[in-house]
Amino acid sequence: MRDRVQKVIDRLRPAFDPTEVILLSVKDGIVRVQVFAPGCHGGPPKEATVAILEEELKEEIPEIKEVVAD
């Protein structure tokens, strides 16, 4: 499942630019990511990035329950 999650993150990467999303783990339907949002340099804020990612992942991978940013 980790590979499937990573593919979704990679596909969304241009929409997040310049915010960086790094996949940390996938366990029991919980996806943990690290989000580096460079403040006022454009791109969505951290909370919006996580919300977009969670929505896309749940749509494409029904086993995903939640996305948590560490």
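Residues that are surrounded by fewer than 17 Cβ atoms within 10 Å (Cβ to Cβ), among the hydrophobic types (A, V, I, L, M, F, W, C) and in contact with a helix residue (DSSP H, G or I) (Cβ under 8 Å, 6 or more places away or on another chain): does region 27-49 have at least one?
Within region 27-49, not a single residue is surrounded by fewer than 17 Cβ atoms within 10 Å (Cβ to Cβ), among the hydrophobic types (A, V, I, L, M, F, W, C) and in contact with a helix residue (DSSP H, G or I) (Cβ under 8 Å, 6 or more places away or on another chain).
Identify all residues within region 30-57 that are modelled with pLDDT of 95 or more, closer than 16 Å to GLN6 by Cβ and not hydrophobic (A, V, I, L, M, F, W, C); write none if there are none.
ARG32, GLN34, GLU54, GLU56
I'm trying to understand the selection: among the residues of region 11-26, which are surrounded by fewer than 17 Cβ atoms within 10 Å (Cβ to Cβ) and farther than 13 Å from MET1 by Cβ?
ARG11, LEU12, ARG13, PRO14, ALA15, ASP17, PRO18, GLU20, ILE22, LEU24
Filter region 1-30 for residues that are of a type in the set (A, V, I, L, M) and without any contact (Cβ under 8 Å) to a residue 24 or more places away in the chain; which is nearest to ILE61 (Cα to Cα)?
Here the answer is LEU23.
The values are calculated or read from the model by the stated rules, or taken from the named source; none is laboratory data. Everything numeric in this text was worked out from a predicted model, so none of it was measured. As a convention, Cβ positions derive from the backbone with ideal geometry for all residues, glycine included, and neighbour counts pool all protein chains shown.
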